[in-house]
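Here's the structure we're looking at; comments come further down.
The values are calculated or read from the model by the stated rules, or taken from the named source; none is laboratory data. On a predicted model such as this, the values are computed, not experimentally measured, just so you know. Backbone-built Cβ (ideal geometry, glycine too); neighbour counts: all protein chains shown. Keep in mind that these areas ignore ligands, DNA and RNA; they rest on the heavy atoms of the full protein, side chains included. Shrake-Rupley method; radii C 1.70, N 1.55, O 1.52, S 1.80 Å.
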Number of protein chains: 2
Amino acid sequence: MSRRELVTPRRGVSFSDVKNRWKKIAIVGSGALGCYYGAMLQRAGAQVVFLMRSDRDVVSEKGLRVMTPSGNFSLPAVNVAGSSEEIGVCDLVIVALKTTANAEFLKLVGPLLHEDTAILTLQNGLGSDEELAALFGAKRVMGGLCFICVNRTAPGEILCITPGSISLGEFGCPITERLTAVSELFAQAGVKTRMDDDLAGLRWKKLVWNVPFNGLAIAAGGITTENILAQPVLEAEVRALMKEIIEAAAKIGHVIPLSSIEEQIEHTRPMGPYQPSSLIDYRENRPVEVEAIWGEPLRRAREVGAVVPKLELLYALLVRLTKR
Amino acid sequence: MSRRELVTPRRGVSFSDVKNRWKKIAIVGSGALGCYYGAMLQRAGAQVVFLMRSDRDVVSEKGLRVMTPSGNFSLPAVNVAGSSEEIGVCDLVIVALKTTANAEFLKLVGPLLHEDTAILTLQNGLGSDEELAALFGAKRVMGGLCFICVNRTAPGEILCITPGSISLGEFGCPITERLTAVSELFAQAGVKTRMDDDLAGLRWKKLVWNVPFNGLAIAAGGITTENILAQPVLEAEVRALMKEIIEAAAKIGHVIPLSSIEEQIEHTRPMGPYQPSSLIDYRENRPVEVEAIWGEPLRRAREVGAVVPKLELLYALLVRLTKR
């Protein structure tokens with residue numbers, strides 16, 4: 001078994017049945033993504049503490065407001081903290097930091113851990129699982145790939161355009177009872193999840209889209225996915241980059257069918273003038289996750305002797321373009 | 001014999017000895033390059049007519065002023081024309097247009113030709129020789145690659161920073177007596193030239209530099225050659241692009257040694273914060289010679305089955321980046 005169907009709340013199981021396992025949950029990195037999932041969990045009844053910087057005062061006073069396609073809700077009272085020491089140990093740490101802040105793992109995650117604390121990183125690209133494992137032990141680490149479109153519209157205001165789902169996997173081992181319990185936690189809170197035995201494979205699969213679209217959106221001058229696909233020579237490069245990623249993943253041992261190139265292109269076309277997250281970061285002068293999305297995949301591809309000339313060039317351009 | 005030494009004026013030969021062969025010379029495309037060479041030829045005693053648009057009135061009234069490292073000179077009276085009909089037939093037509101204006105060849109060059117008129121294109125990249133040959137007959141066409149640094153500082157004012165030299169070749173045949181006479185013409189006027197049996201080879205050789213440096217200067221965000229070489233991952237891409245061009249040229253039949261990669265890099269390093277011509281065009285919102293420098297080389301590489309993945313990606317980015 002490698003991939004499982006969408007997890008939905010089991011009949012007759014209430015949130016109180018699952019929340020004993022995850023009594024206290026910390027959200028490390030309370031941007032749009034962290035706030036959205038944290039708010040969904042809190043709304044369902046979980047005890048959530050948000051580690052927060054810039055929006056701390058506003059959220060502490062006014063709480064969170066979440067707008068979703070299926071309705072809006074407010075959480076007037078939200079636990080926010082400015083440091084991990086303030087939060088103390090938790091049962092589940094959800095890491096929703098940008099990967100460009102991974103150097104702060106020790107400081108931000110360390111104080112949250114008791115002996116059995118599980119860490120779920122919802123970060124993009126490659127590298128975070130290994131970094132967390134190296135610091136805190138591989139056994140703690142799970143990863144989730146978020147297929148979601150969510151923005152922070154104001155301090156404490158989260159707009160979820162597409163709730164999508166999370167694909168969950170254990171780091172370095174197949175699906176466990178613990179992963180299933182995390183999946184159940186989210187499902188009970190109204191967040192769709194899937195589980196997979198191959199977390200790294202999930203990451204490579206997401207890179208098949210992120211590498212070309214996030215990268216070309218920046219390198220071709222700050223353009224949307226629609227602009228990319230409107231230029232035949234660029235669409236050809238999207239396909240060629242996807243092929244490089246699929247072939248590198250295959251050499252590493254993650255099988256992604258070549259047919260997914262066509263699927264991903266056809267899935268992207270109806271998205272219209274979509275701005276990949278890296279493009280938004282780039283435009284707003286925020287750090288771009290260059291190493292997680294392009295650098296680390298490139299290094300791993302080279303390690304196994306995969307031929308990735310276009311990834312090399314794209315990475316080099318992005319290193320320079322995102323230099324501040 | 002493939003390459004010849006620098007041509008210098010022969011002892012005892014005066015300009016009047018060579019100018020009988022080239023009685024009337026037209027400069028088509030009177031930008032910095034066209035004005036510089038036209039002015040040098042006129043100063044030596046040749047009859048030169050400049051086809052000129054934007055600067056026509058100023059130059060017609062005030063003439064040309066040329067500043068060079070070895071001294072400045074002025075030509076108070078310069079023949080300028082606004083149309084080729086006005087100029088009439090010539091013995092030598094020097095084409096110094098941007099390749100992005102090649103669609104105007106018929107209109108601009110056609111009226112200048114008598115039965116024996118020779119055409120010398122000083123344009124960059126690939127394609128101009130063939131386009132002129134298709135329109136006016138291959139026998140008329142010669143090409144020259146200009147290694148020069150020259151700018152137009154004001155209407156009628158030309159600043160030559162590095163006079164460099166011109167590498168000349170016949171289109172589709174080895175060095176002829178005619179090419180030698182053109183070479184002599186320039187040499188007598190103080191312009192260093194070399195001759196080569198393989199004009200297309202000369203063009204590919206120049207592309208080894210132009211493809212990476214002109215391309216990455218634009219695609220990496222509008223940066224100088226110094227900035228490119230300051231970023232190790234970009235320097236690696238320069239080398240890799242040079243290798244692609246050299247291997248494509250070899251497949252077509254033009255041998256360029258791989259050692260020229262190192263030579264070109266080491267030659268570029270002392271140039272400091274140099275802006276390749278395409279970057280200047282891009283920054284000043286003028287058309288960039290995307291097809292001549294990247295598009296046509298890419299198509300010819302593909303025709304012979306050369307593998308040029310980085311050139312493909314760079315070309316696709318430039319097509320989009322230079323779209324107005």
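Structure data summary
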{"quantity": "Every residue from the stretch B:268-278 that is under 16 Å from the mean Cα position of the chain (by Cα) and open to solvent by less than 10 Å² (accessible area, probe 1.4 Å)", "calculated": "B:276, B:278"}
{"quantity": "The stretch B:145-158, residues that are out of contact with any helix residue (DSSP H, G or I) (no Cβ under 8 Å at 6 or more places or on another chain) and more than 16 Å from residue B:210 (Cα to Cα)", "calculated": "B:153, B:154, B:157"}
{"quantity": "Selection within the stretch A:163-204 - more than 27 Å from residue A:259 (Cα to Cα), assigned to a helix (DSSP H, G or I) and not β-branched (Val, Ile, Thr)", "calculated": "A:177, A:178, A:179, A:181, A:183, A:184, A:185, A:186, A:187, A:188"}
{"quantity": "Given (1) at positive phi; (2) more than 13 Å from chain A (Cβ to nearest Cβ); (3) free of Cβ contacts under 8 Å to residues at least 60 places away in the same chain, number of the condition residue B:221 does not satisfy", "calculated": "(2)"}
{"quantity": "Output for the stretch A:103-117, where each listed residue is free of Cβ contacts under 8 Å to residues at least 60 places away in the same chain and open to solvent by 10 Å² or more (accessible area, probe 1.4 Å)", "calculated": "A:103, A:104, A:106, A:107, A:110, A:111, A:113, A:114, A:115, A:116"}
{"quantity": "Qualifying residue in the stretch A:131-139 (condition: open to solvent by 20 Å² or more (accessible area, probe 1.4 Å), modelled with pLDDT under 95, within 22 Å of residue A:206 (Cβ to Cβ) and not in a loop (DSSP other than H, G, I, E, B))", "calculated": "no"}
{"quantity": "Given (1) open to solvent by 20 Å² or more (accessible area, probe 1.4 Å); (2) closer than 20 Å to residue A:46 by Cβ; (3) touching a helix residue (DSSP H, G or I) at 6+ places or on another chain (Cβ under 8 Å), index of the condition residue A:82 fails", "calculated": "(2)"}
{"quantity": "The stretch A:118-130, residues that are open to solvent by less than 20 Å² (accessible area, probe 1.4 Å), not aliphatic (A, V, I, L, M) and not in a strand (DSSP E or B)", "calculated": "A:123, A:125, A:127, A:128, A:129"}
{"quantity": "Top-ranked residue of the stretch B:24-66 - restricted to ones that are closer than 25 Å to residue B:104 by Cβ and part of a loop (DSSP other than H, G, I, E, B), ranked as most open to solvent (accessible area, probe 1.4 Å)", "calculated": "B:53"}
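Quick grid of which residues meet (1) at the interface with chain A (Cβ under 10 Å from one of its Cβ atoms); (2) crowded, with 20+ Cβ neighbours inside 10 Å; (3) in contact (Cβ under 8 Å) with a residue 60 or more places away in the chain:
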residue: B:280; (1), (2), (3): no, no, no
residue: B:288; (1), (2), (3): no, yes, yes
residue: B:293; (1), (2), (3): no, yes, yes
residue: B:300; (1), (2), (3): no, no, yes
residue: B:305; (1), (2), (3): no, no, no
residue: B:317; (1), (2), (3): yes, yes, yes
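Yes or no, residue by residue, for (1) buried (at least 19 other Cβ atoms within 10 Å of the Cβ); (2) within 20 Å of the chain's Cα centre (by Cα):
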position	(1), (2)
A:196	yes, yes
A:199	yes, yes
A:202	yes, yes
A:220	yes, no
A:226	no, no
A:235	no, no
A:239	no, no
A:244	yes, no
A:247	no, no
